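Encoded as structure tokens, the structure appears first; notes follow it.
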Amino acid sequence: MKIETLTLREIQMPLVHFFETSFGRLYHRRILLLTVQCDGVSGWGECVAGEDPFYSSEWIEPAWSTIKHYLAPAVLGHTVTAAHESAGLMARIRGHRMAKAVIENALWDAEAIQKKQPLWKLLGGTTREIHCGVSIVIQDSVEQLLDKVELELAAGYRRIKVKVKPGWDLNVLERIRTRWPKIVLSCDANSAYRLDEVEHLKKFDAFNLLMIEQPLWNDDIYYHARLQKELSTAICLDESIRHARDAAAAAETGACRIVNIKVGRVGGFSEARKVHDVCQNNNVPVWCGGMLESGVGRAQNIALSTLQNFRLPGDVSASKRYWKEDIIDPEVTVSPQGTIAVSDAPGRGYTIREELVNKLTVRKETMAL
Ligand code: OSB
Ligand code: MG
């Protein structure tokens, strides 16, 4: 596959509902999409960098300029036999994993289309159907949150995850558990706690949670290992896992019992597979995290979730939870059993609605040699 051109664009999409975490409240998404042209085939990728450097130090402005000035020149004009080889071409550039991932993932899409194979099969996936959960954010009141939980359970979702932060945690979990004693429930702190809150965090054990996600610092493994020893609830790491070595260190130190894999956070599909394998070898189940993706990123998350060790429901949910109109056809739908059926079409398995993408585009730049 000769990497001929890269087209980067920013689209803007209003969210159906605001998204509030311990970082703040978000109403609109600014999303970078990338198209790669190889031997007459177009592969699409989505950069999951946010509009602000709050979840990660990466955000869309530096992602755009890093792609333009460093990553595109590193790959353009090169011929690769498989998409994963692009990671080697970009290795000289440190960090910027979300920016690297969009290039590598677009190439995986192109490779799958070229080989007339569904992306999930090319990745080594084994299941025809993935299990879905939802991430429910901080609301204006607990009553509003309970209404959301009820709605998502009725839609069939198999795991409810709620965002927590000091002041919006034990009270919320208590109310959910009282009403639904048996549901699969977890929480995500996005690093909102510190080690001097261990006594407080121990109280989470009363709620029979599947996991508590990323309670401590975003860049920490060591103190999570100390914390995990104090809790009976499994810790799941999200932000802290940047690559397979982090996953190995976390498994070795006992810093978590579950890992959330986000393909963008770890730099692309090839590293995501390595994280998956390290976790599988250490008997640590994984699940696929979400980053409020448009259909392009959503399709890639679905493909990744078909790998064998994705044993827990992911934050991969229906397009309509985020968008009035998604940019793929068909949009992602979830069955009443809380599953997504995987497409057998070549590549990502969903068509890009290019006219709609063009309408949503606010800037666009094509890079070629
Ligand atoms: O921590 O999983 C997270 C969204 C943006 C940044 C961080 C996180 C999230 C989510 C999104 O929880 C889940 C989804 O896409 O529905
Ligand atoms: Mg998280």
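The values are calculated or read from the model by the stated rules, or taken from the named source; none is laboratory data. Everything numeric in this text was worked out from a predicted model, so none of it was measured. In this analysis, Cβ positions are derived from the backbone assuming ideal geometry, glycine residues included, and neighbour counts consider all displayed protein chains. Areas reflect the complete protein model, heavy atoms only, side chains present, ligands, DNA and RNA absent. Shrake-Rupley method; radii C 1.70, N 1.55, O 1.52, S 1.80 Å.
Descriptive notes on the structure:
- Of note, Glu85 does not satisfy the criterion of being acidic (Asp, Glu), over 17 Å from Ala368 (Cβ atoms) and touching a helix residue (DSSP H, G or I) at 6+ places or on another chain (Cβ under 6 Å).
- Scanning segment 103-139 for residues that are touching a residue at least 40 places away in the same chain (Cβ under 8 Å), within 16 Å of ligand 1 (Cβ to nearest atom) and of a type in the set (A, V, I, L, M) turns up Ile130, Val134, Val137, Ile138.
- Single residue of Asp188, Asp219, Asp205 found to be farther than 30 Å from Ser335 by Cα, within 16 Å of ligand 2 (Cβ to nearest atom), charged (D, E, K, R) and modelled with pLDDT of 95 or more: Asp219
- Number of residues in segment 223-276 that are assigned to a strand (DSSP E or B) and in contact with a helix residue (DSSP H, G or I) (Cβ under 9 Å, 6 or more places away or on another chain) equals 5.
- Checked against (1) surrounded by fewer than 16 Cβ atoms within 10 Å (Cβ to Cβ); (2) among the acidic types (Asp, Glu); (3) farther than 29 Å from Arg25 by Cβ, Asp109 passes all but condition (1).
- Of all residues in segment 7-33, those that are open to solvent by less than 30 Å² (accessible area, probe 1.4 Å) and more than 29 Å from Tyr193 (Cβ to Cβ) total 9.
- Checking Lys161, Lys100, Lys68 one by one, the residue that is surrounded by 15 or more Cβ atoms within 10 Å (Cβ to Cβ) and either free of Cβ contacts under 8 Å to residues at least 24 places away in the same chain or within 16 Å of ligand 1 (Cβ to nearest atom) (or both) is Lys161 and no other.
- Filtering segment 172-197 to residues that are assigned to a helix (DSSP H, G or I) and open to solvent by 70 Å² or more (accessible area, probe 1.4 Å) leaves Glu174, Arg175, Thr178, Arg179, Asp196.
- Counting only residues that are out of contact with any Phe, Trp or Tyr (no Cβ under 9 Å at 6 or more places or on another chain), crowded, with 16+ Cβ neighbours inside 10 Å and either more than 21 Å from Asp315 (Cα to Cα) or free of Cβ contacts under 8 Å to residues at least 12 places away in the same chain (or both), segment 250-259 holds 2 of them.
- Boolean, Val164 is within 23 Å of Ser305 (Cβ to Cβ) and of a type in the set (Val, Ile, Thr): no
- Strands (runs of 3 or more DSSP E) fully within segment 278-369 that include at least 1 residues being open to solvent by 20 Å² or more (accessible area, probe 1.4 Å) and not small (Gly, Ala, Ser): 361-368.
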